Amino acid sequence: QVVNYAPFTLLPSAVPGALFEQAYAVQQDFNLLVDAISQNKEFLERTLASTIKVDDFTARLFRIHVQVLEEGLAQSVFLGINRSDYMFDCGVDGTPALKQIEINTIAASFGGLTSRTAAVHGRVLKVLGKSEEASRLLPNNPSEELALGIAKAWELYGSQSAVVMFLVEEAQRNIFDQRCVENELWNRNIRVIRKRFRDVFEKGSLDDAKRLYMDGQEVAVVYYREGYVPKNYDQQNWEARLLLERSRAVKCPDIATQLAGTKKVQQELSQPGTLERLLPGHAEAVARIRATFAGLYSLDLGEEGDKIAATAIADPDRFVLKPQREGGGNNLYGEELRQVLEKIRDSPERTSYILMDKIKPQPAMNYLLRAHSPLRVSECISELGIFGVYVRQGKEMVMNKAAGHLLRTKAIEHADGGVAAGVAVLDTPYLV
């Protein structure tokens with residue numbers, strides 16, 4: 001197998017300090033919101049009703065969610081590791097504003113590698129004779145913070161001999177990112193095993209108390225680094241997922257929290273009154289969250305959906321068309337957006353997408369360093385992610401914090417896609 005270095009920018013990128021602080025300040029609010037959605041069966045059912053009719057993947061996740069609730073939840077400790085992603089929208093008057101792109105509630109990656117990136121950029125700046133600038137780069141260690149959340153969930157599960165299981169893909173391109181978090185757990189004397197869905201299907205079992213066992217070892221925490229796209233599943237893998245969900249083990253995320261991260265939920269949250277209903281008595285949190293929303297539009301069948309579909313077909317460059325998928329590289333822009341919408345405009349299939357206002361950030365110049373790629377200066381845009389970690393036991397929130405940041409940068413000719421999709425590269429914010 002070939003090992004390549006993860007791609008990164010030569011220099012750190014300028015990020016508006018006030019917007020950076022705003023993104024950190026709202027993260028605990030987003031943690032509370034995701035957790036509230038995951039516990040609200042009626043909200044998820046109502047919001048995803050049109051999507052599960054046309055999107056088989058979301059429908060299957062939802063069926064497992066319903067089955068587990070009907071049997072009675074065995075899990076009593078809940079662990080959320082999410083990442084809320086933003087861009088800096090330069091709008092009409094050119095003043096940058098923080099706008100949320102999405103929130104990732106499953107397998108939010110690069111907490112490990114980004115923990116190493118600031119040191120690389122600090123070295124580069126020193127080599128360039130910029131020691132003063134190097135000293136201004138912020139410390140950032142999401143791998144330690146994510147591990148603290150996993151460790152807390154493991155501790156509350158209450159079995160010293162139980163292990164943490166990383167559920168990983170068949171072929172690992174992003175293994176070193178995961179290893180950073182794993183090593184933090186080993187440093188706390190918490191045993192980690194790495195398994196695939198196939199292993200769970202073949203060797204996983206539940207005892208009478210719904211404790212999960214793998215190869216005879218009790219599993220306290222299942223940390224998903226896969227399972228977020230349809231191609232991760234065949235019939236055996238769906239059965240393995242159901243087994244995991246039925247268990248007492250702490251799932252990160254449990255299936256309700258994965259559903260809370262769907263694009264359809266994101267669009268529903270922007271509707272007037274929705275946040276207030278989900279977070280009653282949290283008026284300030286609601287205001288902080290709402291300030292980060294870009295325009296989001298439903299394509300449900302009916303007059304309103306018809307109108308927004310027609311607007312987008314007429315002026316596709318104003319919008320992004322998003323399917324209910326994680327993992328980057330799925331969104332549609334421009335001419336492609338127009339073609340797809342024209343094709344599905346009168347079919348129920350359009351309800352499996354949402355429309356979002358296209359964000360227009362200010363480009364900057366940087367060098368993108370990639371294995372086997374020519375080095376040239378590129379016009380780039382950046383996306384800021386803030387990691388969040390929370391742990392809830394029963395109804396009590398035991399931990400809720402922002403857990404570090406991730407800056408990803410890509411050349412402006414690439415409309416969509418993250419680092420794992422081979423488009424964006426790792427970066428460090430230089431606050432201005």
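The values are calculated or read from the model by the stated rules, or taken from the named source; none is laboratory data. Since the structure is predicted, the reported quantities are computational estimates derived from the model, not experimental observations. Neighbour counts run over all protein chains shown; Cβ positions are idealised from the backbone, glycine included. Heavy atoms of the whole protein, side chains included, go into the accessibility calculation; ligands, DNA and RNA do not. Shrake-Rupley method; radii C 1.70, N 1.55, O 1.52, S 1.80 Å.
Numbers for the structure displayed
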quantity: Per-residue HN-Hα couplings for the stretch 338-352 [Karplus 6.51, -1.76, 1.60; θ = phi - 60°; Hz; x = Gly/Pro]; calculated: 4, 4, 5, 5, 5, 5, 9, 4, 9, 10, x, 4, 5, 6, 7
quantity: Accessible carbon and sulfur surface of the stretch 134-251 relative to its total accessible area, %, 1.4 Å; calculated: 44
quantity: The stretch 71-76 - phi-based ³J(HN,Hα) in whole Hz, Karplus 6.51/-1.76/1.60, Gly and Pro as x; calculated: 6, x, 4, 7, 7, 10
quantity: Arg63/Asp208 FRET efficiency (R0 25 Å; Cβ-Cβ; nearest 0.05); calculated: 0.50
quantity: Along principal axes, Cα extents of the stretch 260-418, largest first, whole Å; calculated: 53, 43, 24
quantity: Spatial separation of Cα centroids for the stretch 316-353 and the stretch 373-392, in angstrom; calculated: 24
quantity: Antiparallel content of DSSP bridges confined to the chain, in %, to 5; calculated: 75
quantity: The stretch 71-132-the stretch 180-215 distance, computed between alpha-carbon centres (Å); calculated: 27
quantity: Estimated 222 nm signal from helices in the chain, with DSSP H stretches of n ≥ 4 weighted -39500 (n - 2.57), rounded to 500; calculated: -11500 deg cm²/dmol
quantity: Gain upon complete extension [His414, Gln172; 0.36 nm per residue less C-alpha separation]; calculated: 84.7 nm
quantity: List Ser135, Ser115, ordered by accessible area with a 1.4 Å probe, largest first; calculated: Ser135, Ser115
quantity: Average silhouette area of the stretch 40-183, convex hull of alpha-carbon atoms, in square nanometres; calculated: 14.6
quantity: Cβ-based charge dipole, the stretch 201-353, positive-most Cα from Gln324, Ser352, Val265; calculated: Val265
quantity: Efficiency of FRET between Glu304 and Glu21 - r from beta-carbon atoms, R0 41 angstrom, step 0.05; calculated: 0.70
quantity: In Å, descending, principal axis extents of the Cα set of the chain; calculated: 61, 59, 47
quantity: Residue-by-residue Karplus 3J(HN,Hα) for the stretch 303-311, coefficients 6.51, -1.76, 1.60, Hz, glycine and proline x; calculated: 4, 5, x, 4, 5, 5, 5, 5, 4
quantity: Estimated FRET transfer efficiency (Arg188, Ser347; beta-carbon r; R0 51 Å; 0.05); calculated: 0.50
quantity: Hits among lysines - C-alpha to C-alpha of Lys307 under 26 Å, sequence gap 8 or more where chains match; calculated: Lys53, Lys99, Lys263, Lys264, Lys322, Lys343, Lys358, Lys360
quantity: Amide hydrogen neighbours beyond the local backbone of Ile354, cut-off 5 Å, H modeled; calculated: Lys322
quantity: Net charge dipole size for the stretch 86-217 [Lys, Arg +1 and Asp, Glu -1 on Cβ; Debye, nearest 20]; calculated: 360
quantity: The chain: most fluctuating residue of Val120, Val221, Val320 per GNM, C-alpha cutoff 10 Å; calculated: Val120
